[in-house]
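These notes are about the structure you will find just below.
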Amino acid sequence: MITRFWAEIGTAILTLVFGLVIVKGSLEFGIGWDSSGPQPGAFPFYAGGLVALASLGTLTLTIGKRFAGHPMLAEAFLDAARGRRVLSFLLPLAAFVVLSVTLGMYVATILYLVFTMRFQGGYGWIASLATALLTAAFLYFALEKFFQIGLLKGPLEPLLGL
Amino acid sequence: MDNIANLMHGFEVALTAHHILLMIAGVLLGVLVGVLPGLGAPNGVSLLLPLTFSMDPVSAIILLASLYWGALFGGSTTSILFNIPGEPSSVATTFDGHPMAKQGKATEALSFAFLSAGFGALCGVVLITLLSGWVANFALRFSSPEYFAVYFMTFASFIGLGGASPFKTVVSMGIGFSLATIGMDSVSGNVRLTFEYDVLLAGVSFLIAVIGLFGIGELLLTMEEGLKFEGVAAKVRIGDVLRTATKLPRYWLALARSSLIGIWMGITPGGPTAASFMSYAMAKRSSRDPDKFGKGEPEGVIAPETADHAAGSSAMLPMLALGIPGSATAAVMMGGLMIWGLNPGPTLFTDRPDFVWGLIASMYLGNIVAVVIVLATVPLFASILRIPFAIIGPVIVVICFIGAFTAANREFDIWLALIFGLVGYLFKKLDYPIAPLVLAMVIGDKAEDAFRQSMIFSQGSLSIFWSNALVGTLMAIGLVLLFMPLIGAGLRRLRGQGETRTV
């Protein structure tokens, strides 16, 4: 179980690192003044700096509240049951992204919908396949034919002559 | 009177069969987006935006604006029938709307919600009609320092009035500004902050951020809650609607007060969500019978709905007249305007009056179309929610990622959407406000240009932000808004001391 305290701390550290990365990146371009006005790094430098400072603020505040015994920080951020539900949604979703860039978005859509319906939703093969194929076909006609927008395609579409 | 003539011209633009059809399509899509969990108004607009690149801007904005109205209405439908807010701004509607539905007064609750929402929206549009020309004229006097001051005011009010931890608001805002600077710098021509990754050369699009933060993030949260739709069946009969409509004038005070709150929160970037909560709280506090709230009191539906829609429509005023969006959805639309090659702000009124007034006229028509359509299609959209989430959820995921890809036809954006999704989930769970991030991404470049040009005028001295009465006033208002929580606390302490002295 992750408590709210650790979630707050972890996120604040992440945003702190993000801020520092931006600050470091901006320093490359100069944050001072040259003949054409403020140098290109100035604005991102201050934006990144604000992020880093405010993250430190959140860190201090959270730790301070922890010592004051604030009850909200001890609450569960994510318990086992909830975590499982999130993962069971997130993992296929991530797989969909990987499949999209390797096999193309149409194939990924079909595989993803069949998987979620058949193995997570408990539907039969026929219902799952029909829904997945119909969705992909609808997207194909709406996007490629009607709006003339091409989606990412993989190795399979040329074989089908699409 | 100029405004009225302009508006009539606007109606000529908006009242064509083509545009009315677009309104109907937009409203239907909007209701769908509003009803489905994980898809909201900002998201719907982001997903549809790439499809409008080839349309003419007037048609495109009418379609997107109608989608916005539809989404606001759709969110209330699910709040009342299913106790699940389809939009964050309709959370307050669940408090009394769902109890009313459970008592068998679903039609009454829906009718009250839609009619008062329509009223609120029209109030907002009337305000836009009357004020936009004047605000735009006023803003023509602005130069870079004034613009920077107005941007400062916008973000100061997020920090001071937003309700979230000020640190978290600053983090969210700063991340937005930082992301906006990635890629080509329009002033110096340098490529900034790409860290040698070629995929970052073209920058990070706000559309991907919205799709990830609002769409994927919201879906993850929905899954975690393990939500079940247990709805109340509703059929809407014309007779019931008319009977409810005759009861509406009784609540004139609530309508007027909520419209004012909504308009104020829409113009200042408080947004519809804050407006609906504030309006609900005000209605409850000023009611003779506050105990009835939460148990199915019609005023508890009317107050948040009116304010929600008044805020939603009046958020378009600062977007059009100043180039500052008043809500996340308005921010996405403004980004769209810039992609279509329009420059939101005072010059838009003189350069493209057909666009501005066509849009304003379409707001009147679009909201009326929306009330009619939404009343007619309640059973249809309620039945969509009976499709199990195991099917609907993954389909929404697919649509979000396809939307992310079509925004710029870049493979990298799909990954980016996934990352933004995770960030959105984390930020929502930990009460980081997301709207400032999106706003900062959209106006980041403009804010930076305004800042740099001001600095060039003044040779690097910050005193330029106090150099004349106009910019000084704007900065002062910004500072007051920024320190609002501290000022409020100070006043309370003073008043507290005053009271102890009198006792």
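Scanning the stretch A:68-93 for residues that are farther than 30 Å from residue A:115 by Cβ and either at the interface with another protein chain (Cβ under 9 Å from one of its Cβ atoms) or at pLDDT 90 or above (or both) yields no hits at all.
Within the stretch A:94-106, the set of residues being of a type outside the set (Gly, Ala, Ser) and more than 7 Å from every other protein chain (Cβ to nearest Cβ) comprises A:98, A:99, A:102, A:103, A:106. If you go through the stretch B:33-57 and keep only what is in contact (Cβ under 8 Å) with a residue 60 or more places away in the chain, away from chain A (no Cβ under 14 Å) and surrounded by fewer than 24 Cβ atoms within 10 Å (Cβ to Cβ), you end up with just B:57.
Out of B:205, B:178, B:186, one residue alone is farther than 22 Å from residue B:266 by Cα, in contact with a Lys or Arg (Cβ under 9 Å, 6 or more places away or on another chain) and not aliphatic (A, V, I, L, M). It is B:205. For the stretch B:434-446, residues that are over 13 Å from the mean Cα position of the chain (by Cα) and more than 10 Å from chain A (Cβ to nearest Cβ) total 5. Taking residues in the stretch A:61-77 that are without any contact (Cβ under 8 Å) to a residue 60 or more places away in the chain, and partners anywhere that are outside any helix (DSSP H, G or I), the pairs with Cβ atoms closer than 9 Å and at least 6 places apart or on different chains are A:61/B:165; A:62/A:70; A:64/A:70. Can you find a residue that is among the acidic types (Asp, Glu) and either under 30 Å from residue B:12 (Cα atoms) or in contact with a Cys (Cβ under 7 Å, 6 or more places away or on another chain) (or both) anywhere in the stretch B:353-361? Looking for residues that are among the acidic types (Asp, Glu) and either under 30 Å from residue B:12 (Cα atoms) or in contact with a Cys (Cβ under 7 Å, 6 or more places away or on another chain) (or both), one finds at least one in the stretch B:353-361, hence yes. The conditions of being crowded, with 24+ Cβ neighbours inside 10 Å, among the small types (Gly, Ala, Ser) and more than 14 Å from residue B:114 (Cα to Cα) are met by residue B:86.
In this structure, does residue A:11 turn out to be facing chain B (nearest Cβ under 7 Å) and hydroxyl-bearing (Ser, Thr, Tyr)? Answer is yes for this residue.
Can you confirm whether residue A:64 is at pLDDT 85 or above and out of contact with any strand residue (DSSP E or B) (no Cβ under 8 Å at 6 or more places or on another chain)? Yes; evaluated as a whole, the condition is true for this residue. If the condition is being more than 7 Å from every other protein chain (Cβ to nearest Cβ) and farther than 17 Å from residue A:21 by Cβ, then the stretch B:174-186 contributes B:184, B:186.
Within the stretch B:394-431, the set of residues being within 14 Å of residue B:213 (Cα to Cα) and of a type in the set (Phe, Trp, Tyr) comprises B:401, B:415, B:420, B:425, B:427.
Here is the figure for the stretch B:130-161: residues that are β-branched (Val, Ile, Thr), over 14 Å from residue B:447 (Cα atoms) and surrounded by 20 or more Cβ atoms within 10 Å (Cβ to Cβ) total 1.
Being surrounded by 22 or more Cβ atoms within 10 Å (Cβ to Cβ), closer than 19 Å to residue B:170 by Cα and either acidic (Asp, Glu) or under 20 Å from the mean Cα position of the chain (by Cα) (or both) is the filter here; which residues of the stretch B:396-433 pass it? Within the stretch B:396-433, B:420, B:424, B:425, B:427, B:432, B:433 qualify.
Flag: residue A:119 does not match the condition of being surrounded by fewer than 19 Cβ atoms within 10 Å (Cβ to Cβ), free of Cβ contacts under 8 Å to residues at least 24 places away in the same chain and either within 22 Å of residue B:407 (Cα to Cα) or of a type in the set (S, T, N, Q) (or both). Where helices (runs of 4 or more DSSP H) fall entirely within the stretch A:72-140, those with at least 2 residues that are more than 21 Å from the chain's Cα centre (by Cα) and of a type in the set (Ser, Thr, Tyr) are at A:125-139. For the stretch B:132-156, residues that are more than 15 Å from residue B:269 (Cβ to Cβ) and in contact with a Pro (Cβ under 6 Å, 6 or more places away or on another chain) total 3. Going by the structure shown, is residue A:90 hydrophobic (A, V, I, L, M, F, W, C), without any contact (Cβ under 8 Å) to a residue 12 or more places away in the chain and within 20 Å of residue B:222 (Cα to Cα)? Against the criterion (hydrophobic (A, V, I, L, M, F, W, C), without any contact (Cβ under 8 Å) to a residue 12 or more places away in the chain and within 20 Å of residue B:222 (Cα to Cα)), residue A:90 qualifies. Residues in the stretch A:22-49 that are under 18 Å from residue B:204 (Cβ atoms) and either facing another protein chain (nearest Cβ under 8 Å) or hydroxyl-bearing (Ser, Thr, Tyr) (or both): A:22, A:25, A:26, A:29, A:40, A:41, A:43, A:44, A:47, A:48. Can residue A:109 be described as among the β-branched types (Val, Ile, Thr) and more than 8 Å from chain B (Cβ to nearest Cβ)? Criteria not met by residue A:109. When you go through (1) of a type in the set (A, V, I, L, M); (2) over 30 Å from residue B:171 (Cα atoms); (3) in a helix (DSSP H, G or I) one by one for residue A:162, which number turns out not to apply? Unmet for residue A:162, out of (1) of a type in the set (A, V, I, L, M); (2) over 30 Å from residue B:171 (Cα atoms); (3) in a helix (DSSP H, G or I): (3).
Checking each residue in the stretch B:266-297 for being of a type outside the set (A, V, I, L, M, F, W, C) and buried (at least 24 other Cβ atoms within 10 Å of the Cβ) picks out B:266, B:269, B:270, B:271, B:272, B:273, B:276, B:279, B:280.
The number of residues in the stretch B:419-442 being touching a helix residue (DSSP H, G or I) at 6+ places or on another chain (Cβ under 6 Å) and part of a helix (DSSP H, G or I) comes to 14.
A single member of B:378, B:374, B:356 is crowded, with 20+ Cβ neighbours inside 10 Å, within 20 Å of the chain's Cα centre (by Cα) and more than 29 Å from residue B:323 (Cβ to Cβ), and it is B:374.
For the stretch B:285-309, the candidate set comprises residues that are assigned to a helix (DSSP H, G or I) and small (Gly, Ala, Ser); within that set, the residue that is farthest from the chain's Cα centre (by Cα) is B:286.
The values are calculated or read from the model by the stated rules, or taken from the named source; none is laboratory data. Just so you know, these numbers come straight off a predicted model, no measurement behind them. Ideal geometry is used to build each Cβ from the backbone, glycine not excepted, and the neighbour counts take in all protein chains shown.
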